[in-house]
Each structure stands twice: as C-alpha cells, then as structure tokens.
1. Would you mention how many residues in region A:40-56 are over 15 Å from residue A:94 (Cβ atoms), more than 7 Å from chain B (Cβ to nearest Cβ) and assigned to a loop (DSSP other than H, G, I, E, B)?
2. Any idea which of A:81, A:26, A:19 is modelled with pLDDT under 95, assigned to a helix (DSSP H, G or I) and out of contact with any strand residue (DSSP E or B) (no Cβ under 7 Å at 6 or more places or on another chain)?
3. Among A:31, A:67, which is the only one that is within 11 Å of chain B (Cβ to nearest Cβ), surrounded by 15 or more Cβ atoms within 10 Å (Cβ to Cβ) and either in a helix (DSSP H, G or I) or in contact with a strand residue (DSSP E or B) (Cβ under 9 Å, 6 or more places away or on another chain) (or both)?
4. Checking the structure you have, find out if any residue of region A:79-87 is more than 10 Å from chain B (Cβ to nearest Cβ) and surrounded by fewer than 15 Cβ atoms within 10 Å (Cβ to Cβ).
5. Could you list, in sequence order, the residues of region B:110-142 that are assigned to a helix (DSSP H, G or I), surrounded by fewer than 17 Cβ atoms within 10 Å (Cβ to Cβ), over 19 Å from the mean Cα position of the chain (by Cα) and more than 8 Å from chain A (Cβ to nearest Cβ)?
6. One residue is enough: does region B:153-168 have a residue meeting the conditions under 19 Å from residue B:50 (Cβ atoms) and buried (at least 16 other Cβ atoms within 10 Å of the Cβ)?
7. For region B:156-165, what are the residues that are within 9 Å of chain A (Cβ to nearest Cβ) and in contact (Cβ under 8 Å) with a residue 40 or more places away in the chain?
8. Take the residues in region A:96-107 that are more than 14 Å from every other protein chain (Cβ to nearest Cβ) and part of a helix (DSSP H, G or I); name whichever of them is surrounded by the most Cβ atoms within 10 Å (Cβ to Cβ).
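The values are calculated or read from the model by the stated rules, or taken from the named source; none is laboratory data. Since the model is a prediction, treat every value here as computed from it, not as a measurement. Cβ coordinates were reconstructed from backbone atoms using ideal geometry, including for glycine residues, and neighbour counts include every protein chain displayed.
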C-alpha cells in the first residue's frame with residue numbers, strides 16, 4: 001500500500017516532540033534534519049523490500065535509532081533516556097509506515 | 001577587626017582563581033581535533049564505500065556463470081569478507097578512541113555529552129562488525145543505509161568543533 005512519506009515525517013517529528021516536550025525548541029532543527037534522513041532511509045528500505053533480509057533490517061534499524069539518540073543526547077538539555085525515548089517514538093512511526101508500505105512481516 | 005578587613009580581598013582572589021580555573025576547563029577550538037575528526041570520518045567512510053562497491057560488484061556477478069565472472073566473483077567475495085576487513089574495524093576503533101580521548105580531556109559537561117555521542121558511533125561500528133563477522137558479507141543496500149546515519153554522527157562532532165571555532169556554545 002502506498003504511504004505518504006511527507007505525512008509520516010510530520011508524524012515522526014510530532015512523536016519525538018511529544019517525548020521531548022519543553023526541550024523540543026532546543027533540538028528542533030537538528031532533530032528534524034535527522035528524522036528527515038530517517039524517512040529518506042525508510043523509503044530506501046521500501047525500495048529494497050524484495051531483497052532486504054530480516055537481519056539486515058534489524059541492523060539498519062539499530063544504527064538509525066542509535067544515530068538519532070546520539071545526536072539528540074549531544075544537546076546539554078537532553079538526557080540519554082529522553083533521547084532514546086524520542087528516537088524510539090520517531091522510529092515507531094516510521095516502522096508502522098514501513099509495515100504498511102512493504103507488507104514485510106518482520107518489520 | 002584586621003582579619004575581617006582582609007576577608008573581602010581574599011574572597012575576591014578566591015573568586016578570581018575559581019573563575020580562572022573554570023575558564024581553563026571550558027572547551028576551546030582546537031585545530032588538531034578539527035583535522036582529526038575529518039580524518040576519522042574520511043577513513044571510516046572510505047572503508048564503508050569500499051565495502052559498498054564490493055557488495056555491488058558481487059550483486060552484478062553472482063548470476064553470471066562464465067569462468068571469468070566466477071573468478072571475479074570469488075575475488076570480490078574474498079575482498080568483501082570479514083577476514084579481509086577486520087583491520088578496517090580495528091583502525092576505526094583505535095582512531096575513534098584517540099579522538100574521544102582528545103575531545104573529552106576537558107572535564108566539563110560537554111565532555112559527558114560527547115562521550116554519549118562517541119558511544120553511539122562506536123556501538124554502530126561494533127554492530128556492523130558483528131553482523132559482518134557473523135554473516136561473512138554485508139549487502140550493498142544495508143551498508144548504504146548504515147553509512148548515512150554514521151556520517152550524520154560524525155557531522156555532529158564536526159558541528160561541535162565548528163561551534164567552538166565560531167565562539168558559539170558547543171551544544
């Protein structure tokens with residue numbers, strides 16, 4: 001099923017913003033850029049749905065989430081736990097869209 | 001009475017000393033660090049690009065059955081295998097640790113924050129290494145998808161150093 005990735009981007013940003021709440025303005029620019037990159041990679045996963053294995057998907061997922069966590073936690077205002085939760089929230093939105101887009105059972 | 005008269009002066013001296021110590025602990029721009037970040041990023045990225053190129057070559061050869069293609073395929077598989085690339089991960093680990101030690105030598109809050117960022121970069125490279133050693137090869141698509149966020153992490157380090165250079169708050 002076709003997915004509107006622009007809408008997914010907005011939802012993923014909203015999900016991260018929901019976790020970081022009042023601290024969001026501090027990280028908005030960097031987080032939005034990072035989540036935009038996350039969406040671009042999600043589209044690439046969608047394109048590779050016929051060849052990507054479950055192990056490869058899990059590897060890519062972990063790396064993407066860690067990168068977002070590291071960038072967010074780099075800000076003085078954001079603790080590591082909040083950064084992890086925000087990355088998780090954004091990825092959950094992306095993963096939901098990927099499930100719809102690819103129909104892959106392991107996502 | 002005499003003692004009290006001198007106390008404010010001593011307080012001022014202590015305050016100035018404390019401020020001087022704090023100022024000396026604040027991170028400052030370092031050209032060597034700046035160059036080192038670029039060097040580690042370039043070495044890491046070059047290793048990933050090399051693996052992507054080899055993985056694409058394997059993809060293009062794997063359905064060909066002529067002897068020359070089979071030989072080229074075996075050669076590409078050997079070059080892309082974990083054993084041939086263990087040095088890449090070792091070098092990246094050593095370079096990253098050296099950079100981390102240099103950048104976090106100043107005992108301030110940003111050092112703790114940088115440690116978190118370095119940990120996530122190291123964990124990502126370790127994850128790639130583990131996958132590589134367990135599966136023997138990594139596909140071109142997975143490598144490309146891993147390359148982007150890893151470069152993004154290095155970009156954050158570069159931005160940190162550039163902020164110091166321009167006098168902005170680091171993070």
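1. Of the residues in that region, 2 qualify.
2. On the way: A:81 fails: modelled with pLDDT under 95; A:19 fails: modelled with pLDDT under 95.
Result: A:26 is the single residue among A:81, A:26, A:19 that is modelled with pLDDT under 95, assigned to a helix (DSSP H, G or I) and out of contact with any strand residue (DSSP E or B) (no Cβ under 7 Å at 6 or more places or on another chain).
3. On the way: A:31 fails: within 11 Å of chain B (Cβ to nearest Cβ).
Every option except A:67 fails the conditions.
4. Checking region A:79-87: at least one residue is more than 10 Å from chain B (Cβ to nearest Cβ) and surrounded by fewer than 15 Cβ atoms within 10 Å (Cβ to Cβ).
5. B:133, B:134
6. Initial filter on region B:153-168 (under 19 Å from residue B:50 (Cβ atoms)): B:154.
With the extra rule that they be buried (at least 16 other Cβ atoms within 10 Å of the Cβ), the set shrinks to B:154.
Among the residues of region B:153-168, at least one is under 19 Å from residue B:50 (Cβ atoms) and buried (at least 16 other Cβ atoms within 10 Å of the Cβ), which makes the answer yes.
7. Step one: filter region B:156-165 for residues within 9 Å of chain A (Cβ to nearest Cβ), giving B:156-157, B:159-160.
Matches in region B:156-165: B:157, B:160.
8. Looking at residues that are more than 14 Å from every other protein chain (Cβ to nearest Cβ) and part of a helix (DSSP H, G or I), I get A:97.
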